[in-house]
1. Which one is nearest to A:Tyr77 (Cα to Cα) among residues in region A:107-134 that are within 10 Å of chain B (Cβ to nearest Cβ) and assigned to a helix (DSSP H, G or I)?
2. How many residues are farther than 29 Å from B:Leu125 by Cα and part of a strand (DSSP E or B) if we restrict to region A:51-96?
3. Give the residue, chosen from B:Ile106, B:Ile80, B:Ile96, that is under 17 Å from the mean Cα position of the chain (by Cα), at pLDDT 95 or above and more than 9 Å from every other protein chain (Cβ to nearest Cβ).
4. Going through B:Leu72, B:Leu28, B:Leu23 one at a time, which residue ends up being surrounded by fewer than 17 Cβ atoms within 10 Å (Cβ to Cβ), of a type outside the set (Val, Ile, Thr) and under 30 Å from B:Thr107 (Cβ atoms)?
5. Output the residues belonging to region B:109-141 that are out of contact with any strand residue (DSSP E or B) (no Cβ under 8 Å at 6 or more places or on another chain), at the interface with chain A (Cβ under 10 Å from one of its Cβ atoms) and at negative phi.
6. Within region A:338-354, take every residue that is more than 23 Å from the chain's Cα centre (by Cα) and acidic (Asp, Glu) and give me the one that is nearest to the other protein chains (Cβ to nearest Cβ).
7. In region B:45-66, which residues are on the phi < 0 side of the Ramachandran plot and not in a helix (DSSP H, G or I)?
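The values are calculated or read from the model by the stated rules, or taken from the named source; none is laboratory data. Being a predicted model, the structure only gives us computed values, none of them experimental. Ideal geometry is used to build each Cβ from the backbone, glycine not excepted, and the neighbour counts take in all protein chains shown.
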Amino acid sequence: MIKPIVSRLFQVPNSHKLEIARSHGRYDSLKILFSKSPEEITQMVCQSGLRGKGGGGAPTGDKWKIMPSPKPGIPHYLVINADESEPGTFKDRQILEKDPHLLIEGIIASSYALHVKHAYIYIRGEYHFPAQRVQEAINEAYEAGIIGPKSEFKLDITLHRGAGAYICGEKSALLESLEGKRGHPRLKPHGKEPEWLFEAPTVVNNVETIASVPFIIQEGPDAYRSYGTKDSPGTMLFGLSGHIKNPGIYELPYGVNMLQFIQEIGGGVRDNKELKAVVPGGSSCSILKADIIHKVTLDYESLKRNGSTLGTGGMIIMDESVSIPKAMKNLLEFYHHESCGQCTPCREGTGWMDRILAKVLNGNGTKEDIQLLLEISNTMNGKTICVFAPAVATMAISYIQAFPEEFYVLCAK
Amino acid sequence: MSKAFDEIREAKFQALIPRYPNLQALTLPSLWLWQEQYGWICPEGVAYLAKRLKLSVAQIYSIASFYTMFNLNPVGKYHIQVCKTLSCMLGGSETILECLEKNLGITPGQTTQDGRFTLTQVECLGACSGAPCICINETYHEKMDEASLLNLLEDLKRD
């Protein structure tokens, strides 16, 4: 077993409390942190190859490097995306509940590197208990002078609760929501530029990404690179849910074989049934048929080569009894419900596809309906402000292409 | 007396003001405070928050109606939210919902006549390893089956 980077304290009782967390080395990285310049810290994160763990996998250092140099009167913000809502994903919740001080330690380090004086944690509204844990940890950190006016670096951290909108996991929608608006994604700029919150340059990073930063500072970028693969260095909290014997979250270096992970750590498919398919990293990823799982490894490159994406690393396991059209209907209902409604192809497309598939499942569909589902998918792809509609389209196309017979058999007429 | 933040919420509201550069950013936190106090976002609440945040009533309503967790109608003492998304469906959420419908005599979106239970279907709660998961008010109950659900309901009904 490898030495874990972010899950080290998950099994330690009361690890969410400052005293316990500290006795296990939390906040030890701050000494090294403040002995270096902010630019050196950014450089270390760049060298480590740390990639965003919220689903996109973009290099964290690249996001940090495009922040402008600080100017008086213009604040910089750091926003932690804890709006974990991708179906099949429940990894950040483990950090928020079990090791909130690791997150705060990472926020301090990242804020120092980015010249941030106020960081926001945007947490999904449903996470009442994790929010409570994080708020308690923030309060403890203020009282102990780790953050706030009594501290060396005088950082403020504010926990901000969402209120049930999947789209707010999209970073620009999240920022709109944080500004007190509807969670509508923003148009993306042509060139590289930072995000903007309250009209000030901002970095948005996922919980697990920021929780990986203290390790990089303490052990060095090379130590981080010693985990995982060349292009996907480090570890990730991989999730297992669905028809699996041991559902849960497991920290592994990138590059582990997917089948091995499912069988050895996950204990295999539940009730001794056959594996039918895997959704590799949240519902927006293309579905993988069981017969190719053996050649897939858990890193961004391998998943891409095999026609899917690593996403959030939250795998949904389906056994032989699952009806693929029914599973797809479930997700279409999800996307229909969660579309923010800003762009017509997405708002109308998700509902239209949902209705067509309902008709097919009721036995009233025709083969043309399946073609229509594919056509609508193609119409939705690439014609909207954010990647929500393309995600629905990719998902739908992959389900139909991987298991066409299951769809056509429903269209006897 | 017209509705307003009580002393506790007023103190929380005041503590939040310096944490944001403008009042509009307090919209979500304020809606949460209101719902915590009154249980739902009533029309008086929308008007009150508009005044406090220097926004229009339409702005507050547009935001409150965007986010599914803000109740625009009163809910029962126990708001039972059943996760319906893929992992929970694979784990048997349909059986859980059926059992709840039968036991409470209501369908999703409804409240029992005595005002004690509201049933809602929700999208992924982020508790996929604990499928099927339900959330009652603010508490998650994971790995539910019919027996544990009926036990839980009995406890709530006695309360």
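1. A:Ala131
2. Counting residues in region A:51-96 that are farther than 29 Å from B:Leu125 by Cα and part of a strand (DSSP E or B) gives 2.
3. Result of the check over B:Ile106, B:Ile80, B:Ile96: B:Ile80.
4. Going through B:Leu72, B:Leu28, B:Leu23 in turn, just one is surrounded by fewer than 17 Cβ atoms within 10 Å (Cβ to Cβ), of a type outside the set (Val, Ile, Thr) and under 30 Å from B:Thr107 (Cβ atoms): B:Leu72.
5. Within region B:109-141, B:Glu138, B:Thr139 qualify.
6. A:Asp354
7. The answer is B:Leu55, B:Ser56.
Listed here are the residues, each with its yes/no results for (1) buried (at least 23 other Cβ atoms within 10 Å of the Cβ); (2) assigned by TED's automatic domain parsing to the domain that holds A:Gly57; (3) touching a residue at least 40 places away in the same chain (Cβ under 8 Å); (4) not charged (D, E, K, R).
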| site | (1), (2), (3), (4) |
| --- | --- |
| A:Lys276 | no, no, yes, no |
| A:Gly281 | yes, no, yes, yes |
| A:Ile287 | yes, no, yes, yes |
| A:Ala290 | no, no, no, yes |
| A:Val296 | no, no, no, yes |
| A:Leu303 | yes, no, no, yes |
| A:Asn306 | no, no, no, yes |
| A:Leu310 | yes, no, yes, yes |
| A:Gly313 | yes, no, yes, yes |
